[in-house]
Amino acid sequence: MSATNLLERVPLDALCRSRPAVRAGLLCTLMAALTALAAQARILLPFTPVPITLQVMMVLLSGGLLGSRLGAASQAGYVLLGACGLPVFAVGKGGIAGLTGPTAGYIFGFVAGAFVFGWLLERGARGTALTFAASLAAIACIYLPGWLWLACWMSVAGQGHGLASALRAGVLPFIVPDLLKAAVATPIVREARRRADKLAQGEKMG
């Protein structure tokens, strides 16, 4: 049977319903690809090697829309794409250069951030305030390894010494932009989860 005939006989939506693993794989791949695209939407700052990107928003949407496990898996897939050498990291980097550069800690923090956001939502963080607070916890999970790694990288590169220098270069300039990203992601996640809950309730009643 040709691929065209197979697609005609087994529509994608039906395949996703009958094969949850296929659906999960497609969603994780989609969010990994969106994170890669978000890395290219960047603003370079003259006083830090860390650019402003839209990746944090994709991390929040991954955890918020896919849940803790699939959200983390999507970001792990993103890291894996970069580790294979694809230029998916900020400033078009990939491979060893991307995973040992100044932003490496943030990249690995994406996995933790997506998981924590999804995990908190799964445990009852439903209202706007709680969802926003959960997003801040996720951002903190990105900042922590990013900050610590950047401190080490800056010391080795001779661009600063100590945690205070890394805080000024890799955390403080990004707080306001990331708060805005969290503010945008929060209503999107809330509405998506509300619709999912409503759909699930309808399926139970049916």
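Quick notes
- Filtered residues of the stretch 69-102 (kept if part of a loop (DSSP other than H, G, I, E, B) and free of Cβ contacts under 8 Å to residues at least 40 places away in the same chain): Cys84, Gly85, Pro87, Lys93, Gly94
- Residue identified as closer than 20 Å to Cys141 by Cβ and at pLDDT below 95 among Leu66, Leu86, Leu54: Leu66
- Contacts under 7 angstrom Cβ, first residue in the stretch 103-129 being without any contact (Cβ under 8 Å) to a residue 24 or more places away in the chain, partner buried (at least 19 other Cβ atoms within 10 Å of the Cβ) and not polar (S, T, N, Q), 6 or more apart: Leu120/Ala134; Ala125/Ala134
- Among (1) touching a helix residue (DSSP H, G or I) at 6+ places or on another chain (Cβ under 7 Å); (2) modelled with pLDDT of 95 or more - the single one Gly94 does not satisfy: (2)
- Pairs are defined by a Cβ separation below 6 Å, a sequence spacing of at least 6 or placement on different chains, a first member in the stretch 138-162 that is touching a residue at least 60 places away in the same chain (Cβ under 8 Å), and a second member that is crowded, with 21+ Cβ neighbours inside 10 Å and of a type in the set (Val, Ile, Thr); the pairs so defined are Ala138/Val116.
- Count of the stretch 23-60 residues, restricted to those that are surrounded by 15 or more Cβ atoms within 10 Å (Cβ to Cβ) and assigned to a strand (DSSP E or B), is 1.
- Flag for Thr131 being touching a Lys or Arg at 6+ places or on another chain (Cβ under 6 Å), part of a helix (DSSP H, G or I) and either crowded, with 19+ Cβ neighbours inside 10 Å or not acidic (Asp, Glu) (or both): yes
The values are calculated or read from the model by the stated rules, or taken from the named source; none is laboratory data. Being a predicted model, the structure only gives us computed values, none of them experimental. For neighbour counting, all protein chains shown are included, and Cβ atoms are generated from backbone atoms with ideal geometry for every residue, glycine included.
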